[in-house]
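The structure under discussion appears below in the form of structure tokens.
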Amino acid sequence: MSNTHEPSMLDALKKAITIAGGNAELSEKIGLSRTSSNVNVMVARDKKASAKYVVKISEVTGVPCYELRPDIFPAPANKCDAQSTQSA
């Protein structure tokens with residue numbers, strides 16, 4: 001087990017929510033109604049971004065898919081790969 005603290009999927013989702021300006025704003029930005037409870041459910045029950053919305057959340061907030069859902073999107077091998085992927 002690694003000694004370095006890796007952010008959890010919930011931490012990454014909360015970061016995306018903060019960047020978006022809140023749960024309602026993130027809902028709107030990913031194409032849901034402002035009153036949609038989907039983002040609230042992701043935080044409170046699931047503790048991670050929904051696989052259905054993870055790519056869209058990443059697109060609108062800049063939080064990488066591999067941070068939001070490392071179980072689905074593998075992290076780049078090193079930081080140089082991550083930077084070249086984001087700038088491509």
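Bear in mind that the values in this text are calculations on the coordinates, not laboratory data. These numbers were taken from a predicted model, which means no experiment stands behind them. Virtual Cβ from ideal backbone geometry, glycine too; neighbours counted across all protein chains shown.
Some notes on this structure:
- Label sites at Lys56 and Thr35, each approximated as a point 7 angstrom past Cα along Cα to Cβ, lie 1.9 nm apart.
- In this rough spin-label picture, where each label sits 7 Å from Cα along the Cβ direction, the Ala77-Asp11 distance is 2.5 nm.
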